[in-house]
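Peer 1: Structure in structure tokens, see below.
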Amino acid sequence: MSFPVVRHRRLRRNASLRNLVRETYVTVNDFIYPIFVAEGINKKEEIPSMPGVYHFSLDRLEEEVREVVDAGLQAVLLFGVPAEKDAIGTSAYDHNGIVQQAARKVKEWAPQLVVIADTCLCQFTDHGHCGVVEHDRRTGNAEIVNDASLELLVKTAVSQAEAGADIIAPSNMMDGFVHAIREGLDAAGFEHIPIMSYSVKYASAFYGPFRDAVHSTPQFGDRKSYQMDPANLREALREAESDVQEGADMLMVKPALAYMDVIRMLKENYDLPVAAYNVSAEYSMVKAAAQNGWINEKAIVLELLTSMKRAGADLIITYHAKDAAGWLK
Ligand code: PBG
């Protein structure tokens, strides 16, 4: 027998052979594109730390929606940047809140486009936390109270569904949010609306550019009492398990790149669709390096997205979606 005994390179000799044995594909159907909608008029403002991503006011939003549809994308994730914030995030569950108005408009312009609403309070609270804050009378310490926050999150989800959101995506990391929102949606006649739960959301430094974009950096403290410790893997199973029990329709892992092991673990343990959130700083790092001419942006982005799918993601929420859709055509 000749040496080497095993010749792996036989199947890599040309592009056609490689295509025959390719295991993972990324397609435009995998993508969810986040859009930031801001109050005000005639606004299309680039987010400084996220080149190519903008704040749109409602009157400029249609151009963006047309681009998204023309790119062949199926779904958008709406984030609101309200003009007014208060302690209990009133504008998050206002019938005429910025997300509710945007959802109605997008469904009018593009009825077939799947509109996903992020359900959280942090963009809408003046303290920037994802729930209701209470101060301990004796110590003065601030506490993000779980159950009182749930009531407001349910109101938010129902108002988003009333405005036409096709999927509710709660990102607040309060305990019991899937159960509470499921009950609230069902009671309001939205039993057909799925919940894409941010099941495993880490307290990550990779959200920095997003928080700049929506001005949601906590005014005091951090999110570590509700978002997960990046050091923990088994805890991710407990988070996912409770969401499954509570009726989640899809599970999400966030961020994506440094958490591929978590994506793989959920994929192996559950049969619900798994979404990966390729978050803001993951995007900004690639953009910064590309703008410096240090990397090949197209090749890097397609490799990253393919790797998320290889890890087990069925869906990818990504700011690269429009570009990637173009490259994949
Ligand atoms: C709201 C929310 C955040 C992101 C999505 N939804 C920020 C946070 O938890 O601080 C981050 C998205 C990104 O970084 O791209 N809770």
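Just so it is clear, none of the values below were taken in a lab; they were calculated from the coordinates. As the structure is a computational prediction, the values presented were derived from the model and not from experiment. Positions of Cβ are generated from backbone atoms using ideal geometry, with glycine treated the same way; all protein chains shown enter the neighbour counts.
Peer 1: For LYS287, go through the aspartates and glutamates and keep the ones whose alpha-carbon is under 13 Å away, minus same-chain ones fewer than eight residues off.
Peer 2: Output for LYS287: GLU297, ASP323.
Peer 1: Still on this structure: Round to a whole angstrom and tell me the spacing of the C-alpha centers of the stretch 106-128 and the stretch 49-92.
Peer 2: 8
Peer 1: A follow-up question, please. In the structure displayed, which of LYS267/LYS322; LYS43/LYS105; LYS254/LYS309; LYS201/LYS224 lie more than 18 Å apart, Cα to Cα?
Peer 2: LYS267/LYS322
Peer 1: I would also like to ask the following. Using mean Cβ contacts within 10 Å as the protection proxy, how do 241-251, 288-298 order, highest first?
Peer 2: Output ranking for 241-251, 288-298: 241-251, 288-298.
Peer 1: Still on this structure: Above 30 angstrom, tally the Cα pairs of the chain and express them as a % of all pairs, no decimals.
Peer 2: Distances greater than 30 Å cover 34 percent of the Cα pairs.
Peer 1: Please report the antiparallel percentage of DSSP beta bridges with both residues in the stretch 24-328, rounded to the nearest 5.
Peer 2: Antiparallel bridges: around 20 percent, rounded to the nearest 5.
Peer 1: Distance between the C-alpha centers of the stretch 166-235 and the stretch 298-324? Whole Å please.
Peer 2: Using only Cα atoms to place each centre, the spacing works out to 22 Å.
Peer 1: Between GLN291 and GLU62, what is the label-point separation in nm under the 7 Å Cα-to-beta-carbon projection?
Peer 2: That separation, rounded to one decimal, is 3.1 nm.
Peer 1: Taking only DSSP H segments of four or more residues, each worth -39500 (n - 2.57), what value at 222 nm results for the chain once the sum is divided by all its residues, to the nearest 500 deg cm²/dmol?
Peer 2: Mean residue ellipticity at 222 nm (helix-derived): -11500 deg cm²/dmol.
Peer 1: Continuing with this model, one more query. Work out the FRET efficiency for ASN141 and LEU328 from their Cβ-Cβ distance, taking R0 = 45 Å, and round it to the nearest 0.05.
Peer 2: Here the calculated transfer efficiency is 0.35.
Peer 1: Which of the lysines could a cross-linker span from LYS329 if the Cα-Cα distance has to be under 16 Å and same-chain partners fewer than 8 positions apart are dropped?
Peer 2: LYS329 reaches LYS298.
Peer 1: Taking amide H positions as placed in the peptide plane 1.01 Å from N, state which residues far from GLU39 in sequence (5 or more) or on other chains have amide H under 5 Å from it.
Peer 2: When sequence neighbours closer than 5 places are left aside, the close amide H contacts are VAL81, ALA83.
Peer 1: Angle, helix 98-109 long axis vs. longest principal axis of the chain, Cα atoms, 0 to 90°, nearest 10?
Peer 2: Taking the Cα atoms of the chain, the angle to 98-109 is about 50 degrees.
Peer 1: Taking 8 Å as the Cα distance limit and 6 or more residues as the minimum spacing, I'd like the relative contact order of the chain as a percentage.
Peer 2: Computed value for the chain: 17 percent relative contact order.
Peer 1: Any chance you could tell me what percent of the C-alpha pair distances in the stretch 119-251 go past 18 Å?
Peer 2: 55
Peer 1: Residues with amide H under 5 Å of MET252's amide H, sequence separation 5 or more or different chain, H placed in the peptide plane at 1.01 Å from N; which?
Peer 2: Result for MET252 returns SER197, SER199, VAL200, ALA275.
Peer 1: In straight Cα distance, which aspartates and glutamates are under 13 Å from LYS107, not counting same-chain residues fewer than 8 positions off?
Peer 2: GLU62, GLU162, ASP166
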